[in-house]
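To start, the structure itself, in structure tokens.
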Number of protein chains: 4
Amino acid sequence: MQRFALLGAGFIGSVHAKNLAENPNVTFAKVYDVSVERAAAIAELYGAVAVGSVEEALTDVDAVFIASSTDTHAANLKAAVDAGVAALCEKPIDLSLARAREIVAYAESRSARVMVNFNRRFDPDHAELKRIVEEDGVGTVELVQLTSRGPAVPPLEYVKVSGGQMRDQTVHFFDLARWIAGADPVEVFAAGSALADPRLALPEYDDVDTSVCVLKMPDGALVQIDNNRRTGYGYDERIEVLGSTGLVESMRHRARRVTHYTAGQVVESQMYAGWFERMQPTYALALDHFVQLLETGAPIEPSLADGLKAQAIAEAATKSLHTGVSEKIGY
Amino acid sequence: MQRFALLGAGFIGSVHAKNLAENPNVTFAKVYDVSVERAAAIAELYGAVAVGSVEEALTDVDAVFIASSTDTHAANLKAAVDAGVAALCEKPIDLSLARAREIVAYAESRSARVMVNFNRRFDPDHAELKRIVEEDGVGTVELVQLTSRGPAVPPLEYVKVSGGQMRDQTVHFFDLARWIAGADPVEVFAAGSALADPRLALPEYDDVDTSVCVLKMPDGALVQIDNNRRTGYGYDERIEVLGSTGLVESMRHRARRVTHYTAGQVVESQMYAGWFERMQPTYALALDHFVQLLETGAPIEPSLADGLKAQAIAEAATKSLHTGVSEKIGY
Amino acid sequence: MQRFALLGAGFIGSVHAKNLAENPNVTFAKVYDVSVERAAAIAELYGAVAVGSVEEALTDVDAVFIASSTDTHAANLKAAVDAGVAALCEKPIDLSLARAREIVAYAESRSARVMVNFNRRFDPDHAELKRIVEEDGVGTVELVQLTSRGPAVPPLEYVKVSGGQMRDQTVHFFDLARWIAGADPVEVFAAGSALADPRLALPEYDDVDTSVCVLKMPDGALVQIDNNRRTGYGYDERIEVLGSTGLVESMRHRARRVTHYTAGQVVESQMYAGWFERMQPTYALALDHFVQLLETGAPIEPSLADGLKAQAIAEAATKSLHTGVSEKIGY
Amino acid sequence: MQRFALLGAGFIGSVHAKNLAENPNVTFAKVYDVSVERAAAIAELYGAVAVGSVEEALTDVDAVFIASSTDTHAANLKAAVDAGVAALCEKPIDLSLARAREIVAYAESRSARVMVNFNRRFDPDHAELKRIVEEDGVGTVELVQLTSRGPAVPPLEYVKVSGGQMRDQTVHFFDLARWIAGADPVEVFAAGSALADPRLALPEYDDVDTSVCVLKMPDGALVQIDNNRRTGYGYDERIEVLGSTGLVESMRHRARRVTHYTAGQVVESQMYAGWFERMQPTYALALDHFVQLLETGAPIEPSLADGLKAQAIAEAATKSLHTGVSEKIGY
């Protein structure tokens, strides 16, 4: 049984709160948020205690779930390390890669047990794809294709502090690419446009909403990633891995499995409205994985190093968006 | 908020216990089982109180979930009616149709609020199919096909007390047929064989494991149902409704959505292992529906009358299995 | 190289004419039709000779394709037998089962080489399903489901002389059932209604357009067949075979493989407009099969006996439609 | 009726010969090949006349199908222009873009009627996708994905003279990208590796077998193309077009539509063995289209200009493979 504190009671924090409450191996003990009301509401709903500071939250617990705002991740992570508390940390570690490296070095020097919450690794279909690749189901990986297309452009104020599409959306797929291919890409090319919302091209955002990345792996394998912020038809995510002997695909999800045949057309069930509806089950699975690692003492994965590497790729991809050149990735 | 007692802490009772505990509008107050140990274990797990009798269970609660053994359904239902407690009752009401009719008449004379737990009506895909039919998506219903094929023959001791395939398995689909077509069938023809386990043909079981039923609706529409107890490939359920202007299908479920292409074959994810894995989410949805009906005071559906009608069809189908004649159904 | 005559230059005759002309092992020599103009047009189009009588057509050829009107099949077949010419004959042999038996006995007594044109056996998907069943892919066959649903009720004048749905449409699936299961059914139950066109219920037609049949095989295996004359969404045919270890399905065909995702719906390509568009390729394949049998001298299949058996099942099914009893089939 | 000569009686020539013979609006008059035997064999098979020179072939015909070896395309095209004969020409016009431009300028100056045989435009599924895009089914095109993966690396001697993967395989998809998006890309980035056969990286081949291209369209839309020479599971081609309001996909083809369910796996029909099996029907459709254009006098499309533009993109892509930079395309 692991006693948990939760930092952050916003949208994603409340998702984690519910999972902490329902996990049979977790005692959801404390919650902290900059908003006292939000923390109190969550505490009330799940029988946890709302506390007044990060320090209080980190006292007398085994682990902390860091789901506070991005700019506080690094500080909260350091506090957890100092308190000797294991941490499950939302990505990114810090929007600044340099600052992220610092805190990771600090945590590693103290052998802190920290997992970066790359929840997509825990999607059962993606995990099944990974299993097939690992068990040599497709031979040597040669070409990977990852697609993530969101239903709507996020609010501009969010875009402004997000670090841009590479660091905010594509970073998940940089991690998946490394995880699936079992290697670190050496170069990345990125091209992108602001098509869904042309205002993203303004200097104050300097961002894109439709982009394509090409990663080169050390053995010459290639990875394609396309990301988009507005589809018109719901959230669309798929992965395919082509190897030397076969292909495996984690397919688009449709929300239901009903087909309707009428004159002139065959209509299938629509897709999930957004990434959250599609990916929601992965949060409980990721938490469960972390709890298992704590209970067994097994090495933590996805690790802080995994978090750093995905960010390093995002950094190079962001540069490539401007240069039009396939950029070397510096880990 | 509805205070619930649970009667029965066996396999399906423990499923309902979890759903009672997780439903935000339910207080899971009490649990009774003939096995004191089983009741205590469930009580411990979910913070309910284990009680020593049905009477105790029915005191000071709003509703009762009757998940005890089939031969106790009628008595427990009567006790609930007498106690003025609403009931969600597993099917069948009683294996004897005559006895079932008696208790239903009794319950109706006291305006008892009772829902028969035909959980398949709450499967989101089946419900979507029903919605499309109701919203005139296929015109007038003319031909319905229902398939339910189980992975393995149940234990013979279960078969012996089950009432036979028509009353045990097919009865769910008699209910779905009525629900989807919006009418009561007038005749039923059934043919069946003991192919998966030839011992079922012995006089002591007098049962079949592979059967086909054909229902005739009042307006001439036809319903096909095929049921089977052993597939070799997991649980297989599908429905299609052909109407005057179109078709709607609630498709076979595969457990995952991963496709694997290699030399000579394309492999899809396998199906769910059994009916429980496939149908599990419907239990929480059915409970939730019942709770909503209690909270709003809306008419109960599926009602006791629905339960009786499905049983009446099963009765005629069982007769037809022996006569080879399309039998009139006496409601 | 086989020299062929064609009897009948109507719709289906012209389909066969094209296939005769394009088959590399066939010389399309002669064509006869009661309409001199029709015969001449076909002859002109494909470089064959239009002749003035069946006798002329049967002179100096190896084989004849009997695609004339149903009421002439038996006489033309007899003429072919007498002329020592092999025959590929459209079903049915004769609408009267007694008359069909007579001509078959006559042909068999003279060891005539005659194939009944059950073209669906040559559909590549159905043939693949059959191959999988034969190679023990599903174990012992236990439950077969065959669906054939046509887009529109045929003209009433056609219905009048068709022999009824069992003899006209379902007969194809009686043949497929025997072929797939590798055995002759012993009983058949049929239920049907005139839903698409209620006039079919008038005494002058005494027919149905929506029907369900249940066949019982000697070993207890069951076969479901549903047939319908009007779908609203095109032609719909599928087969599934459930065995003791698995299932194989020959799926619905959609005319294209294009999927269109927009807000709220996912649209697939529509189905083929009619049975002809769906089944057209089978005619050339069936002809090719017959030509191979002629060239190699291998036993003819589907044989006249196959034709008779399918008709015998249709006979019993037609009776069952009226009695509501599962009828024994007399071969 | 169009009288045709065929230049080239090799593999693809013999495919075209059959289509010429079967097209009802074509008289297949003459065939020429550097191999007298090959020409004679084709002539014999289809009732055409084998001639001894290109000049003879071009006399007294309406049109010529240029299916000779790539290095003779330009000369044969010039001969056709000089003879005033319409031409359907296999791609590429010439491996040298400069030489191709010369001959195109010559042909255009004489208003020659020439179609470049980009047969994939005539695939019924791709054409349906194009129709949906054109009829505003997905809004403004923003992201296109084209996949073509071949079953096996071609013989090295073929690779040596092919011009490389961009000019040989990807060029088809450069054309499709222009056709679907309705615009000319301005930049192309390409990355590639020799993974299927590492010998392709030797200086004498200087080629890749696994590659990814990213095209930038004038309005910022992006096109991804991935091409591969060896899959292990057959030929794999698909297209998807994401627009501002939806997505349309021309899906992977499986050779059959049979599904086989057994313990632990669901097996679908395999894919077509190679590109030819998948694409074969497009050749007759492309020929038919050309014949219609000749009969109606409508403008020719895909035109010589289309052929040149696809080659220009291939040129820039080949350069990008070496520079790692997104290269401007010079038309």
task: Identify, for chain B, the residue whose C-beta comes nearest the rotation axis onto chain A, and round that distance to whole Å.
output: B:Glu22, 4
message: Report, to one decimal in Å, the Kirkwood hydrodynamic radius for the protein assembly as shown based on all distinct Cα pairs.
response: 35.0 Å
- request: Apply the Kirkwood formula to the stretch A:253-331: the hydrodynamic radius equals the inverse of the mean of 1/r over all pairs of different alpha-carbon atoms; give it in Å with one decimal.
  value: 17.0 Å
task: Starting at the first residue of the stretch A:210-217, write each ³J(HN,Hα) from the Karplus equation 6.51 cos²θ - 1.76 cosθ + 1.60 with θ = phi - 60°, in whole Hz, x for Gly and Pro.
output: 9, 8, 10, 10, 10, 9, 10, 8
query: What percentage of all Cα-Cα pairs in the stretch A:221-300 are separated by more than 18 Å?
result: 64 percent
task: Please work out the C-alpha center-to-center distance from the stretch D:211-240 to the stretch A:15-83 and express it in whole Å.
output: 46 Å
query: What's the FRET efficiency of A:Val186 with D:Val186 using the Cβ-Cβ distance as r and R₀ = 35 Å, to the nearest 0.05?
result: 0.80
query: How far is D:Ala201 from the same spot in each other copy, in nm, shortest first, if each label point sits 7 Å from Cα toward Cβ?
result: 3.9, 6.7, 7.7
message: If you wrap a convex hull around the alpha carbons of the stretch B:120-328, what volume per residue comes out, as a whole number of Å³?
response: 150 Å³
- prompt: Under the definition of Cα pairs under 8 Å and six or more residues apart, what whole-number percent is the relative contact order of chain C?
  reply: 19 percent
Averaged over A:201-212, number of beta-carbon atoms from partner chains that fall within 10 Å: 2
task: Between copies, how far apart are the D:Tyr46 label points? List them in nm, one decimal, shortest first, with each point 7 Å from Cα toward Cβ, please?
output: 2.1, 7.2, 7.5
- request: Check the straight Cα-Cα distances from D:Lys18 and name the lysines below 17 Å, setting aside those fewer than 8 residues away within the same chain.
  value: C:Lys18, D:Lys30
- request: Taking amide H positions as placed in the peptide plane 1.01 Å from N, state which residues far from B:Thr245 in sequence (5 or more) or on other chains have amide H under 5 Å from it.
  value: B:Gly139, B:Thr140
- request: Shielding by partners for B:128-140, please: the mean number of other protein chain Cβ atoms within 10 Å of each residue's Cβ.
  value: 2
- line: D (µm²/s, integer) via Stokes-Einstein for the stretch B:1-44, Kirkwood Rh across alpha-carbon pairs, 20 °C, 1.002 mPa s: value 210 µm²/s
- request: Rounded to the nearest 0.05, what FRET efficiency do A:Ala305 and A:Asp219 give with R0 = 22 Å and r taken as the Cβ-Cβ distance? Could you check?
  value: 0.60
Neighbour net charge for C:Lys30 - beta-carbon separation under 15 angstrom, K R +1, D E -1: -4
- prompt: Just how far, in whole angstrom, is the stretch B:286-331 from the stretch A:253-331 if you go by their alpha carbon centroids?
  reply: 45 Å
- request: Estimate the FRET efficiency between B:Asp288 and A:Glu55 by the formula 1/(1 + (r/R0)^6), using the beta-carbon distance for r and 45 Å for R0, to the nearest 0.05.
  value: 0.65
field: Top positive-direction residue, dipole computed over the stretch A:204-274 with Cβ charges, set A:Ala263, A:Ile225, A:Thr210
entry: A:Ala263
message: Using the crude model of +1 on Lys and Arg Cβ and -1 on Asp and Glu Cβ, and no other charge, please compute the dipole size for the protein assembly as shown relative to its Cα centre, in debye to 20.
response: 0 debye
- line: Asserting the computed 222 nm helical MRE of the protein assembly as shown (DSSP H runs at least 4 long, -39500 (n - 2.57) per run, divided by residue count, to nearest 500) equals -11500 deg cm²/dmol
Copies compared at A:Ser244 - label distances in nm, ascending, label defined 7 Å from Cα in the Cβ direction: 4.3, 4.7, 6.3
field: Residue (of C:Ala74, C:Leu58, C:Ala29) at the positive-pole extreme of the stretch C:2-112, dipole from beta-carbon charges
entry: C:Ala74
Unit Cα scatterers, Debye sum, the stretch B:2-112: log10 I(q)/I(0) for q = 0.11, 0.19, 0.24 Å⁻¹: -0.31, -0.89, -1.31
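Values in this text are rule-based calculations from the coordinates and carry no lab data. Since this is a predicted model, take the numbers as computed values, not measurements. With ideal geometry, Cβ positions are generated from the backbone for all residues, glycine too; neighbour counts draw on all protein chains shown.
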